[in-house]
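Notes for the one structure printed next.
The values are calculated or read from the model by the stated rules, or taken from the named source; none is laboratory data. Nothing here was measured: the structure is a model prediction, and the numbers come from that model. All Cβ positions, glycine included, derive from the backbone under ideal geometry; neighbour counts span all protein chains shown.
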Amino acid sequence: MNVLVTGASGFLGAAVVLEAAAAGHTVRAMIRSAARRDRVPLPDAQLVVADMRDAARFPDVVRGIQGVIHCAAVTSAGAPDEALSRLINVEGTRALLAAAAAAGVARWVQISSMSAHPGSTSVYGRTKLEADEVVRRAPAPVQWTILRPSLIYGPGGRGLVEKTVAILRKLPVVPVIGSGEETLRPVFVTDVARAAVICLTHERTPSRAYMLGGADEVTLNTFFATLAARLGVRRPLLHLPLPLCMALARVLGTFLKNPPLTVDNVLGVRQVQPVDIRPARADWGWDPIGLQEGLDRYFSATNATP
């Protein structure tokens, strides 16, 4: 299958490019800037430079394509920009989907988020939910599948694992939002990438939305303790009230491009959703690795030791 991967130079998108190629697909990698071409890990991938705001380019981008894995999005890093998030996450998705349908694209895998739920108050969560609704109304002949991964981690990431490792190395304590008793299912990046590629062709996945999480469900407190133990350090947990965390996140987001704490991080903890991976297991054999194995792979690849 000729497959378009959007956001192909990003953390997840780059992993999807590799998994799609390994599965025998011909990959067209969409990146927003030619300066990012070195971040696409497949030398023989067909590169196309197009911004999600440039709808006029989309007919050329999807010409000859049979399946799309849509990873490109404005994420929750830094201060949330609602106008930009809506323009790219919602309207960009709408325009690319329309171009794909007009070109006869058969399958569309939408990379969404566990933040995309009706109760979400984060900019990222709201705009991703709107984008999902756009995809659900995809015109023929497009068949869609929506994937909502939990916390994604792995080599090259800049999320909670990477930020926590930095904190464990630099600070005498680990700041924790709230009680730390909220649960999460950290999921390794290659597992999510493989899921996207499987859902692109599987007969049971069209018109379905799936939650994706790792094999292990842990509390935030356990997650931080596990990372500390893996690094061979001891750090007490400093539990901070949510209002203080929100105020701190707003200040950091104003001055830092990739702050250690964002507004959406705080909202995500306050509005955490249970991750049910049973439908993915039942429909197409989702079999993610556990946290310890994922951390072994992460530290082996990054040499992130104390």
**Prompt:** Applying the selection to segment 56-113, what residues are more than 18 Å from the chain's Cα centre (by Cα) and among the polar types (S, T, N, Q)?
**Reply:** Q66
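Within segment 255-270, does at least one residue satisfy the condition of being hydroxyl-bearing (S, T, Y), touching a residue at least 24 places away in the same chain (Cβ under 8 Å), within 30 Å of E82 (Cα to Cα) and surrounded by fewer than 17 Cβ atoms within 10 Å (Cβ to Cβ)?
So in segment 255-270, the residues hydroxyl-bearing (S, T, Y) come out as 262.
This time we only want the ones that are touching a residue at least 24 places away in the same chain (Cβ under 8 Å), so: 262.
Narrowing the set further to residues that are within 30 Å of E82 (Cα to Cα) leaves 262.
Now restrict to residues that are surrounded by fewer than 17 Cβ atoms within 10 Å (Cβ to Cβ): none.
No, segment 255-270 has no match at all.
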**Request:** Sort out which residues of segment 175-208 are at positive phi and either touching a Pro at 6+ places or on another chain (Cβ under 9 Å) or among the hydrophobic types (A, V, I, L, M, F, W, C) (or both), and write them in order of number.
**Result:** G178
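Looking only at segment 167-176, count how many residues are of a type in the set (A, V, I, L, M), over 18 Å from E217 (Cβ atoms) and in a strand (DSSP E or B).
First, pick out the residues of segment 167-176 that are of a type in the set (A, V, I, L, M): 167-168, 171, 173-174, 176.
Still in the running and over 18 Å from E217 (Cβ atoms): 167-168, 171, 173-174.
Going one step further and asking which of them are in a strand (DSSP E or B), we end up with 174.
Matching residues across segment 167-176 total 1.
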**Asked** If R148 passes every condition in (1) surrounded by fewer than 21 Cβ atoms within 10 Å (Cβ to Cβ); (2) charged (D, E, K, R); (3) modelled with pLDDT of 95 or more; (4) in contact with a strand residue (DSSP E or B) (Cβ under 8 Å, 6 or more places away or on another chain) but one, which one does it miss?
**Response** (1)
**Asked** Based on what the data block shows, is V74 buried (at least 17 other Cβ atoms within 10 Å of the Cβ) and under 17 Å from R107 (Cβ atoms)?
**Response** no
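Of the residues L4, L47, L18, L12, only one is in contact with a strand residue (DSSP E or B) (Cβ under 8 Å, 6 or more places away or on another chain), of a type in the set (A, V, I, L, M, F, W, C) and closer than 19 Å to G154 by Cβ; which?
Details: L4 fails: closer than 19 Å to G154 by Cβ; L47 fails: closer than 19 Å to G154 by Cβ; L18 fails: in contact with a strand residue (DSSP E or B) (Cβ under 8 Å, 6 or more places away or on another chain).
Of L4, L47, L18, L12, the one residue that is in contact with a strand residue (DSSP E or B) (Cβ under 8 Å, 6 or more places away or on another chain), of a type in the set (A, V, I, L, M, F, W, C) and closer than 19 Å to G154 by Cβ is L12.
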**Asked** In this structure, does V109 turn out to be of a type outside the set (S, T, Y), at pLDDT 95 or above, under 25 Å from Q273 (Cα atoms) and part of a strand (DSSP E or B)?
**Response** yes
**Asked** Is it true that some residue in segment 139-150 is part of a helix (DSSP H, G or I) and either in contact with a Lys or Arg (Cβ under 9 Å, 6 or more places away or on another chain) or in contact (Cβ under 8 Å) with a residue 12 or more places away in the chain (or both)?
**Response** no
**Asked** Just checking, how many residues over segment 158-179 are crowded, with 18+ Cβ neighbours inside 10 Å and not hydrophobic (A, V, I, L, M, F, W, C)?
**Response** 3
**Request:** Among residues belonging to segment 32-48 that are part of a loop (DSSP other than H, G, I, E, B) and within 18 Å of L96 (Cβ to Cβ), point out the one that is farthest from the chain's Cα centre (by Cα).
**Result:** S33
**Prompt:** Somewhere in segment 21-31, is a residue closer than 20 Å to I198 by Cα, outside any loop (DSSP other than H, G, I, E, B) and not aliphatic (A, V, I, L, M)?
**Reply:** yes
